[in-house]
Amino acid sequence: MKITKIAAENQMIPQNPSAQNDPDIQLQNLQNAQVSFQKLKEYIDGMNIVMADLRELEQNLDIADIGARSEVQKIILASIQQTPDYNLLAQMGLITSVESLLNQGEADRINISITQGIANISSAGPQAVLQ
C-alpha cells in the first residue's frame, strides 16, 4: 500500500471518463493536492526568506535595488512551476498561475477548496461524488 501511495503522490490519478466519478479516487487526488499545496507554501515561504535576506544585504551594502531580488524571484517562481506539486494543482484546476501563490487571499481560497472537497467526500461516505 505504501508503494502505491508514493507512486500516486504528486500525480493526478485519472478516472474512467465513461464511468461515474469514483469518490475514492477524488479523495486521493484531493489528499495529494493538500500535500502538494503545503509543499508549495513551503517553497514560497523559503523564497520570501531569501528575498528578505537579499533586501537586508542591499541595505547593509548601502546600495539601491539592483534588480537582484526580481531576478531571483523570477528564477524561483519558474522553478516552482516545474515541480510535480505545481503540476498536480494545475491539472486539477486549483491553480492558474504561480503568482496566485503569492496572493494570500488566493492561497487561502485554494486551501479552503481542497479542505472542503476532502470534508465533503469524507462526510458523504461511499456515495460521495463531486461534480
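The values are calculated or read from the model by the stated rules, or taken from the named source; none is laboratory data. Please read these numbers as outputs of a predicted model, since none were measured by experiment. For neighbour counting, all protein chains shown are included, and Cβ atoms are generated from backbone atoms with ideal geometry for every residue, glycine included.
Taking residues in the stretch 108-125 that are among the polar types (S, T, N, Q), and partners anywhere that are buried (at least 16 other Cβ atoms within 10 Å of the Cβ) and not in a helix (DSSP H, G or I), the pairs with Cβ atoms closer than 7 Å and at least 6 places apart or on different chains are SER113/LEU94; ASN120/ALA128.
Scanning for something under 25 Å from ASP108 (Cα atoms) and surrounded by 13 or more Cβ atoms within 10 Å (Cβ to Cβ), does the stretch 50-60 turn up at least one residue? Yes - at least one qualifying residue is present in the stretch 50-60.
Kindly evaluate GLY105 against the criterion of being assigned to a helix (DSSP H, G or I), free of Cβ contacts under 8 Å to residues at least 40 places away in the same chain and surrounded by fewer than 10 Cβ atoms within 10 Å (Cβ to Cβ). Criteria met by GLY105. Here THR96 fulfils each of the conditions (1) in a helix (DSSP H, G or I); (2) free of Cβ contacts under 8 Å to residues at least 60 places away in the same chain; (3) of a type in the set (S, T, N, Q) apart from (1).
Within the stretch 82-99, the set of residues being more than 10 Å from the chain's Cα centre (by Cα) and surrounded by fewer than 16 Cβ atoms within 10 Å (Cβ to Cβ) comprises GLN82, GLN91, GLY93, THR96, SER97, GLU99. Considered as a group, the residues in the stretch 34-92 that are in a loop (DSSP other than H, G, I, E, B) and of a type outside the set (S, T, N, Q) include one that is modelled with the highest pLDDT, and that residue is MET92.
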